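Remarks on the structure that follows.
The values are calculated or read from the model by the stated rules, or taken from the named source; none is laboratory data. Given the structure is predicted, the values throughout are model-derived calculations rather than measurements. When we count neighbours, we look across all protein chains shown, and the Cβ atoms used for this are built from the backbone with ideal geometry, even at glycine. All accessible areas refer to the heavy atoms of the entire protein, side chains included, with ligands and DNA or RNA removed. Shrake-Rupley method; radii C 1.70, N 1.55, O 1.52, S 1.80 Å.
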Amino acid sequence: MLEKWLGGVCGKNNIDTIDENNCNNIHINGKKVRGTVVLMKKNVLDLTDVGASLLDRFHEVIGKGVSLQLISADHAEPGNLGKPAFLEKWISTLTSISAGDATFNVTFDWDESMGVPGAFIIKNYHHSQFYLRTVVLEDVPGHGELHFVCNSWVYPAHRYKYDRVFFANKTYLPSNTPEPLRPYREQELLSLRGSGSGKLKEWDRVYDYAFYNDLGFPDKGPDYVRPVLGGSKEYPYPRRGRTSRRATKTDPMSESRLPPLGLDIYVPRDERFTPVKLSDFLAYAVKSLGQVLVPEIVALFDKTINEFDSFEDVLKLYEGGIKLPDHHLKKLRQCIPWEMLKELVRSDGEPFLKFPMPDVIKVDRSAWRTDEEFGREMLAGVNPVIIRRLQEFPPASKLDPEVYGNQTSSIKREHIEKNMDGLTVDEAIECNRLFILDHHDALLPYLRRINTTKTKTYASRTLLFLQDNGTLRPLAIELSLPHPQGDKHGATSLVFTPANEGVEGTVWQLAKAYAAVNDSGYHQLISHWLNTHATIEPFVIATNRHLSVLHPIFKLLQPHFRDTMYINALARQILINAGGILELTVFPGKYAMEMSSIVYKNWVFTEQGLPADLLKRGVAVPDSSQPYGLKLLIEDYPFAVDGLEVWAAIKAWVDDYCSFYYSTDDMIRDDTELQSWWMEVRNEGHGDLKDEPWWPQMQTRAELVEACTIIIWVASALHAAVNFGQYPYAGYLPNRPTVSRRFMPEPGTPEYAELETNADVAYLKTITAQFQTLLGVSLIEILSRHASDEIYLGQRENPEWTSDVEPRQSFQRFHDRLVDVENRIVERNNDSRWKNRNGPVKVPYMLLYPNASGDNSESGLTGKGIPNSVSI
């Protein structure tokens, strides 16, 4: 009995042994310190947890529980460890075998001479893992209440080759870390970096880098070969998290893929979705869509025309749904995880595939077709980050003329001056009234290959005129193709100008559709995937590898990395992979990711901040008299107006926070963890661009503030602006088509005759087909939903995230400032002077409404709210 008692005190894996070193702190006059531990068992959907829970109870009966051992922050080794204490009443506390939080008591013997605990070691002698949320110690001698914010999965102790250590919510720069805690701080970072080799298991907590070499599947055949992105000058790319899967048989440089239905992709366990997160629905829904619905719907539509016959047919997706024959519906119901696809495949008697009504057609079914709405969505739609001021005429190209010949625009003055309110081109440029949506250079080098597939599309330039009322009037759309005699001969181009009636009006609508196809593809690949998801992941990895949880910058940035690695891993498995949903539904098809790599060559970190972006695009000019140091040249630019207020709030918060911990620039330079972090971001995470001169040197507090502000902006507000408007605007595919299937009809052809006799059918035959529409709309409905446990900008998961009072007060000011931003956004939306805030479709601009004041009760397709991170 004595041996068993000592085993329980010492808390070793082998309960029959005694470690005298670990028991050298049994004090006769130790104080009892009581604590409260909150943890969560595994996912309720995980049926394997039932047996594991029963085994855990058995382990409790035989004395193998969960122990915590306090580490002194004041008392140096040896002798800085308290006696292990076990969670009390495990069996009676966990009365049900299900997921959910449970609260346990724990009682420590702690000698006052050891000072204040700064960390604890936890050992899980159970059979299964649990999610440790918080530990709170009461009446700690010399301190009072002490908080540990853990938020981490703890696996059985035998899974680890090191101790699992959690630190109190103190914040220390490396040089200020209490001496007794330093080895634990350093060991934790070593564990998170791993060895760089070997197979990674689910309980491993290793953050490491890899190329995008898992998009193709060469073993499946040549149609599934894709280039490795990253590690070369030809295809540079940000790094992703290493998964350690074996190489393919065909290509040793490519990583093998999981089975089509496999979603158990390695990311560090704490980076996975929480069990209660509504985004669990995403994993099941996308899996089912991509691998189950696809072949079933293809089989169905192969027997039909795969076309919408009219716009009324399209509206049936939202008003009545597509009714499938009973035998198809029955087969689908048998093979789909039904409860996980209830939003897509109704079980309540509704027809199959009925979608929510997209905002863009809720009030008016045809307003999306107006020129005003076409221009407005460049300022307040789902991709408001591309439009730029035209500063030379005709628009020029930056493509190499030695390779691509003369690519200068063929738009002439006579094409546009008739619609410029009496101004000449030169006068309009001088007074900043001409703007361009330019997708020419990014797409033209790939058009020859893209157009060998079922896609038939152009590279577009769209010119617009800023009217006196603040709206944009489209002036001309240029559609270009590579020259039939070769690239060196330049391009062949068609120019279209606005028309409202007859076949000319139909041709103009088609020209706008081709421009929208370009913009939709560029939005998904570049504005959304590359510039938010892909470019943020290296920061996630480097932060965990080099910044301790005790580090102030870790505490600042960590909320903005929630779920990013996992959603990106899911994307590589089912969205951006060879034959994935993106290739099926967006016009570049198999060349999509390769194109994004070419665009990444011109990515500049310092231009990702909103003010720098607006200045680069020429839609703003420097002006020190203005609140943000710049003046918008389009005053009614909802994305920019709201975005600048959000940016300013973020920067003020980051500046206050960093100033609290870094009083001098020398402290920045002397911070070893910070310098290692930034060096690895540049040399490894974005290693293909490491030699670019624009990288901040990270030698001053100003550089740190700017870098952290950019990271937070991109992960939160920028992603919200380009993601959550997808369903409101593109859920109605005629407004944001993703594919064009035939070229502009030429006079004298049957296709042109169809334009004259049935304009709507001609339009629908040109844009995204019925099957791709169903698949694409299903996907963006899922991606546009806010999770039920969303944590928005200006919110923290735990109010005790730091013990430092001033940073917490600064964060409260940040929250309050965002609430003020919310109120001003609503006021602007209700002000009739600002025509671009609602537009002809009557959709108020709410994509940058922070929702800091929200209680998370609004989830789903809300069309508003800025989550802290790229989490969907």
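With the requirement that a residue be in contact with a Leu (Cβ under 8 Å, 6 or more places away or on another chain) and either at pLDDT below 55 or not hydroxyl-bearing (Ser, Thr, Tyr) (or both), what does region 58-75 give you?
Selection gives Gly65, Val66, Leu68, Gln69, Leu70, Ile71, Ala73.
Can you pull out every residue in region 371-403 that is in a helix (DSSP H, G or I) and β-branched (Val, Ile, Thr)? Walk me through how you get there before you give the answer.
First, pick out the residues of region 371-403 that are in a helix (DSSP H, G or I): 371-380, 401-403.
The one that is in a helix (DSSP H, G or I) and β-branched (Val, Ile, Thr): Val403.
Looking at Pro737, is it outside any helix (DSSP H, G or I) and open to solvent by less than 10 Å² (accessible area, probe 1.4 Å)?
Details: outside any helix (DSSP H, G or I): yes; open to solvent by less than 10 Å² (accessible area, probe 1.4 Å): yes.
Taking the combined requirement at face value, the residue satisfies it.
Can we say Leu45 is modelled with pLDDT of 55 or more and either part of a strand (DSSP E or B) or open to solvent by 40 Å² or more (accessible area, probe 1.4 Å) (or both)? Full working, then the answer.
Details: modelled with pLDDT of 55 or more: no; either part of a strand (DSSP E or B) or open to solvent by 40 Å² or more (accessible area, probe 1.4 Å) (or both): yes.
Here the answer is no, as Leu45 does not meet what is asked.
Going by what's in this entry, would Leu189 be described as touching a Ser or Thr at 6+ places or on another chain (Cβ under 7 Å), open to solvent by less than 20 Å² (accessible area, probe 1.4 Å), within 25 Å of Asp670 (Cα to Cα) and hydrophobic (A, V, I, L, M, F, W, C)? Spell out the reasoning first.
Numbers: touching a Ser or Thr at 6+ places or on another chain (Cβ under 7 Å): yes; open to solvent by less than 20 Å² (accessible area, probe 1.4 Å): yes; within 25 Å of Asp670 (Cα to Cα): yes; hydrophobic (A, V, I, L, M, F, W, C): yes.
Judged against the criteria, Leu189 is a match.
Quick one: how many residues across region 519-541 are over 15 Å from Ala721 (Cβ atoms) and in contact with a strand residue (DSSP E or B) (Cβ under 9 Å, 6 or more places away or on another chain)?
Count: 5.
Looking only at region 608-637, filter to residues that are in contact (Cβ under 8 Å) with a residue 60 or more places away in the chain and within 22 Å of the chain's Cα centre (by Cα); which one of those is surrounded by the fewest Cβ atoms within 10 Å (Cβ to Cβ)?
In this case the residue turns out to be Gln608.
Count, please, the residues in region 579-616 that happen to be of a type outside the set (Lys, Arg) and modelled with pLDDT of 95 or more.
Residues that pass the stated criteria total 24.
Listed here are the residues, each with its yes/no results for (1) open to solvent by 50 Å² or more (accessible area, probe 1.4 Å); (2) in contact (Cβ under 8 Å) with a residue 12 or more places away in the chain.
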position: Ala210; (1), (2): no, yes
position: Lys233; (1), (2): yes, yes
position: Arg240; (1), (2): no, yes
position: Thr243; (1), (2): no, yes
position: Ala247; (1), (2): no, no
position: Pro252; (1), (2): yes, no
position: Ser256; (1), (2): no, yes
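Mind checking whether some residue in region 368-380 is at pLDDT 50 or above and open to solvent by 60 Å² or more (accessible area, probe 1.4 Å)?
yes
Table: residues versus (1) in contact (Cβ under 8 Å) with a residue 40 or more places away in the chain; (2) more than 24 Å from Lys864 (Cβ to Cβ).
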residue	(1), (2)
Leu733	yes, no
Glu746	no, yes
Thr749	no, yes
Asn758	no, yes
Leu774	yes, yes
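Just to be sure before I move on: is Lys456 open to solvent by 20 Å² or more (accessible area, probe 1.4 Å) and either charged (D, E, K, R) or farther than 30 Å from Glu430 by Cα (or both) in the structure I sent?
Numbers: open to solvent by 20 Å² or more (accessible area, probe 1.4 Å): yes; either charged (D, E, K, R) or farther than 30 Å from Glu430 by Cα (or both): yes.
Yes; evaluated as a whole, the condition is true for this residue.
Take Val136 and decide whether it is surrounded by 19 or more Cβ atoms within 10 Å (Cβ to Cβ) and hydrophobic (A, V, I, L, M, F, W, C). It would help to see each step written out before you state the result.
Details: surrounded by 19 or more Cβ atoms within 10 Å (Cβ to Cβ): no; hydrophobic (A, V, I, L, M, F, W, C): yes.
Considered against the rule, which asks whether it is surrounded by 19 or more Cβ atoms within 10 Å (Cβ to Cβ) and hydrophobic (A, V, I, L, M, F, W, C), Val136 comes out as no.
Considering only residues that are touching a Ser or Thr at 6+ places or on another chain (Cβ under 9 Å) and part of a strand (DSSP E or B), look in region 486-508 and name the one that is most open to solvent (accessible area, probe 1.4 Å).
Restricting to residues being touching a Ser or Thr at 6+ places or on another chain (Cβ under 9 Å) and part of a strand (DSSP E or B), the top hit is Leu494.
State yes or no: is Glu202 open to solvent by 40 Å² or more (accessible area, probe 1.4 Å) and over 26 Å from Arg269 (Cα atoms)?
Working: open to solvent by 40 Å² or more (accessible area, probe 1.4 Å): yes; over 26 Å from Arg269 (Cα atoms): no.
The answer is no for Glu202.
Take residues that are farther than 20 Å from Asp371 by Cβ, touching a residue at least 40 places away in the same chain (Cβ under 8 Å) and aromatic (Phe, Trp, Tyr) and tell me which of the strands (runs of 3 or more DSSP E) falling wholly in region 406-485 contain 2 or more. Working first, answer last.
Details: elements: 434-438, 459-466, 472-482.
Result: empty, no element qualifies.
Is one or more of the residues making up region 682-694 among the polar types (S, T, N, Q), within 28 Å of Arg796 (Cβ to Cβ) and free of Cβ contacts under 8 Å to residues at least 12 places away in the same chain?
Within region 682-694, the first condition is being among the polar types (S, T, N, Q), and the residues that meet it are 683.
With the extra rule that they be within 28 Å of Arg796 (Cβ to Cβ), the set shrinks to none.
There is no residue in region 682-694 that is among the polar types (S, T, N, Q), within 28 Å of Arg796 (Cβ to Cβ) and free of Cβ contacts under 8 Å to residues at least 12 places away in the same chain.
Suppose we filter region 150-208 for residues that are of a type in the set (D, E, K, R), outside any loop (DSSP other than H, G, I, E, B) and touching a residue at least 60 places away in the same chain (Cβ under 8 Å); how many remain? Break it down into steps so the answer makes sense when it comes.
Keep residues of region 150-208 that are of a type in the set (D, E, K, R), which gives 159, 161, 163-164, 170, 179, 182, 185-186, 188, 193, 199, 201-202, 204-205, 208.
Narrowing further to those that are outside any loop (DSSP other than H, G, I, E, B): 159, 164, 179, 182, 185-186, 188, 193.
Retained after the next criterion (residues that are touching a residue at least 60 places away in the same chain (Cβ under 8 Å)): 179, 185, 188, 193.
Count: 4.
Please determine, by comparing only the residues of region 790-818 that are hydrophobic (A, V, I, L, M, F, W, C) and assigned to a loop (DSSP other than H, G, I, E, B), which one is surrounded by the fewest Cβ atoms within 10 Å (Cβ to Cβ). Step through it out loud before you land on a result.
Start the filter on region 790-818 by keeping residues that are hydrophobic (A, V, I, L, M, F, W, C), which leaves 791, 793, 801, 805, 811, 814, 818.
Subsequent filtering for residues that are assigned to a loop (DSSP other than H, G, I, E, B) retains 791, 793, 801.
Working: Ile791: 16, Leu793: 29, Trp801: 20.
Here the answer is Ile791.
Scan region 118-127 for residues that are crowded, with 19+ Cβ neighbours inside 10 Å and in contact (Cβ under 8 Å) with a residue 60 or more places away in the chain and jot them down.
Quick first cut of region 118-127, residues crowded, with 19+ Cβ neighbours inside 10 Å only: 118-126.
Gly118, Ala119, Lys123, Tyr125, His126 - these are the residues of region 118-127 that are crowded, with 19+ Cβ neighbours inside 10 Å and in contact (Cβ under 8 Å) with a residue 60 or more places away in the chain.
Counting just the residues of region 381-397 that are hydrophobic (A, V, I, L, M, F, W, C) and open to solvent by 10 Å² or more (accessible area, probe 1.4 Å), which one comes out nearest to the chain's Cα centre (by Cα)? Walk me through how you get there before you give the answer.
Going residue by residue through region 381-397, those that are hydrophobic (A, V, I, L, M, F, W, C) are 382, 385-387, 390, 393, 396.
Now restrict to residues that are open to solvent by 10 Å² or more (accessible area, probe 1.4 Å): 385-386, 393, 396.
Working: Val385: 16, Ile386: 19, Phe393: 37, Ala396: 33 Å.
So, considering only residues that are hydrophobic (A, V, I, L, M, F, W, C) and open to solvent by 10 Å² or more (accessible area, probe 1.4 Å), the one nearest to the chain's Cα centre (by Cα) is Val385.
Which condition number does Asp400 fail, the rest of (1) out of contact with any Leu (no Cβ under 8 Å at 6 or more places or on another chain); (2) open to solvent by less than 20 Å² (accessible area, probe 1.4 Å) being met?
Going through (1) out of contact with any Leu (no Cβ under 8 Å at 6 or more places or on another chain); (2) open to solvent by less than 20 Å² (accessible area, probe 1.4 Å) one by one, Asp400 breaks only (2).
I need the full set of residues from region 695-725 which are outside any helix (DSSP H, G or I) and touching a residue at least 12 places away in the same chain (Cβ under 8 Å), in order please. Before you say what the answer is, go through the steps one by one.
Residues of region 695-725 outside any helix (DSSP H, G or I): 695-700, 724-725.
The answer is Trp695, Pro696, Met698, Gln699, Thr700, Phe724, Gly725.
Which of (1) among the aromatic types (Phe, Trp, Tyr); (2) out of contact with any strand residue (DSSP E or B) (no Cβ under 9 Å at 6 or more places or on another chain); (3) open to solvent by 10 Å² or more (accessible area, probe 1.4 Å) is the odd one out, the single condition Phe355 does not satisfy?
(3)
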